[in-house]
1. Each residue of the range 73-86 in turn: what ³J(HN,Hα) in whole Hz from Karplus with 6.51, -1.76, 1.60 and θ = phi - 60°, glycine and Pro shown as x?
2. Quick one: pull the percent of accessible area on the chain belonging to carbon and sulfur, 1.4 Å probe, ligands and nucleic acids left out.
3. Just the accessible area per residue of the chain, please: how many Å² with a 1.4 Å probe?
4. In 10 Å bins starting at zero, report the fraction of Cα pairs in the range 53-94 per bin as a rounded %.
5. If pairing requires two Cys Cβ atoms under 4.7 Å apart, which cysteines of the chain are left without a partner?
6. Each label point is 7 Å from the Cα along the Cα-to-Cβ direction; what then is the distance between the points at Arg14 and Arg45, in nm?
7. Can you tell me the 0 to 90 degree angle between the C-alpha axis of helix 26-39 and the longest principal axis of the chain, rounded to 10?
8. For the range 5-101, what are the per-bin percents of Cα-Cα distances with bins 5 Å wide, up to the bin holding the maximum?
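The values are calculated or read from the model by the stated rules, or taken from the named source; none is laboratory data. Remember, predicted model here, so these are calculated numbers, not experimental data. Neighbour counts run over all protein chains shown; Cβ positions are idealised from the backbone, glycine included. Ligands, DNA and RNA are stripped out before the accessible areas are found, and what is left, the full protein with its side chains, is counted by its heavy atoms. Shrake-Rupley method; radii C 1.70, N 1.55, O 1.52, S 1.80 Å.
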Amino acid sequence: MFYSRHIFFCTNSRDDGRASCEDHGARRLRDYAKARVKELGLAGRGGIRVNIAGCLGRCGQGPVIVVYPEGVWYSYRDERDLDEIIEEHLVGGRVVERLKI
């Protein structure tokens with residue numbers, strides 16, 4: 001397996017008044033998560049890949065991410081939520097129930 005896990009960030013932005021993940025700073029928070037994964041030495045082959053996915057279709061619950069291969073969806077608000085997802089799910093293999101959607 002090239003990567004053990006992928007985390008996809010919806011970074012969709014709409015200009016028609018409908019909710020979008022970028023309304024909540026999704027790109028900035030994705031950049032934070034990517035840097036944090038690298039800082040922890042988790043990035044790269046055999047590790048974790050942090051990706052931008054565009055619209056994932058759940059912006060109304062956003063911002064949202066999905067973690068594969070498990071297919072677990074999360075809504076998050078800030079860096080602390082992302083740190084918890086990284087530490088608990090990506091490193092520890094435990095789903096963060098309070099953030100799961």
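1. Values per residue, Gly and Pro as x: 9, 10, 10, 9, 10, 7, 4, 4, 4, 5, 4, 5, 5, 4 Hz.
2. On the way: 2490 of 5450 Å².
In the chain, the share of accessible area belonging to carbon and sulfur is 46 percent.
3. Values: 5450 Å² over 101 residues.
With the other protein chains kept in place, the chain gives 54 Å² per residue.
4. 27, 56, 17
5. Singleton cysteines: Cys55, Cys59.
6. Placing both labels 7 Å along Cα→Cβ, they lie 4.2 nm apart.
7. 10 degrees
8. Spelled out per bin, shortest first, that is 3, 15, 27, 27, 18, 7, 3, 1, 0.
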